[in-house]
Amino acid sequence: MTKIKLSPSILSADFTRLGAEIADVLAAGAEYIHVDVMDGCFVPNISIGVPVVQSIRKAFPDAFLDVHLMIREPVRYVDAFCRAGASHLTFHVEADSPENITAALEKARRQGVGTGLSVKPATPARVLGPWLEQLDMALVMTVEPGFGGQKFMQDMMGKVTQLRAMLDKANPACELEVDGGIDPATAPVAAAAGANVLVAGSAVFGKPDRAAVMRALRGE
Ligand code: DX5
Ligand code: ZN
């Protein structure tokens, strides 16, 4: 069975103690740190941006920063997030024209930063087809992007399975991430469907013992 990687989403962390929160999940074995960037335009919420990524990078030089851009026309901000220290940038395929999405992916790749593409719940997997061969990660949203703490959309599992099959043909090394409503009950469902990277915000940061929740997410 594929090894599960965890990407705790700091959207649900206590922002007044962000460094300690990140240190906590890294000590508990988090493979990635998921950073949700929202512009109040692509999604109806505003979260954090470039300066926060920069501070996290400074404090955690070795952490893998999995940056999820829920912003319109993300190509405008690729250089800034790369300079700030993102390890990986995931763009939403709905956020711009195909030409500009290609440009955003190329810009990140040229700077040695990993690239991913994400689909909102209403967007079919086939939309990612033209880019599959070049991606490091595909992300299936299992809630409407914008907020933490929403209910897992079990009906996205067909899309996860379909995308994993598409990737096995086009790009077997590509990771498949799910984001939204992941907790110890839904994590095995997503993993069984074919996801290998699990984002979890409220499930991890909402509990005092992060190591215990993370073991439960891994099915241990
Ligand atoms: C939602 C974000 C998620 C969010 C997940 O738009 O992309 O990463 O933090 O939160 P939970 O795990 O609480 O559903
Ligand atoms: Zn996210």
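The values are calculated or read from the model by the stated rules, or taken from the named source; none is laboratory data. All of these numbers come straight from a predicted model, not from anything done at the bench. Neighbour counts are summed over all protein chains in view; Cβ atoms, including those assigned to glycine, are modelled from backbone coordinates with ideal geometry.
Here are a few things to note about the model shown:
- Comparison of 48, 22 shows that the only residue that is farther than 19 Å from residue 137 by Cβ, under 16 Å from the mean Cα position of the chain (by Cα), within 16 Å of ligand 1 (Cβ to nearest atom) and not in a helix (DSSP H, G or I) is 48.
- Being within 16 Å of the chain's Cα centre (by Cα), farther than 28 Å from residue 15 by Cα and either among the polar types (S, T, N, Q) or away from ligand 2 (no atom under 13 Å from the Cβ) (or both) is a description that applies to residue 194.
- Here 187, 192 are screened, and the one residue that is surrounded by fewer than 20 Cβ atoms within 10 Å (Cβ to Cβ), of a type in the set (Gly, Ala, Ser) and either free of Cβ contacts under 8 Å to residues at least 12 places away in the same chain or in contact with a helix residue (DSSP H, G or I) (Cβ under 9 Å, 6 or more places away or on another chain) (or both) is 192.
- Residue check, residue 16 more than 12 Å from ligand 2 (Cβ to nearest atom) and at pLDDT below 95: no
- Reported count of residues in the stretch 67-100, each being assigned to a strand (DSSP E or B) and either in contact (Cβ under 8 Å) with a residue 60 or more places away in the chain or over 18 Å from the mean Cα position of the chain (by Cα) (or both), is 3.
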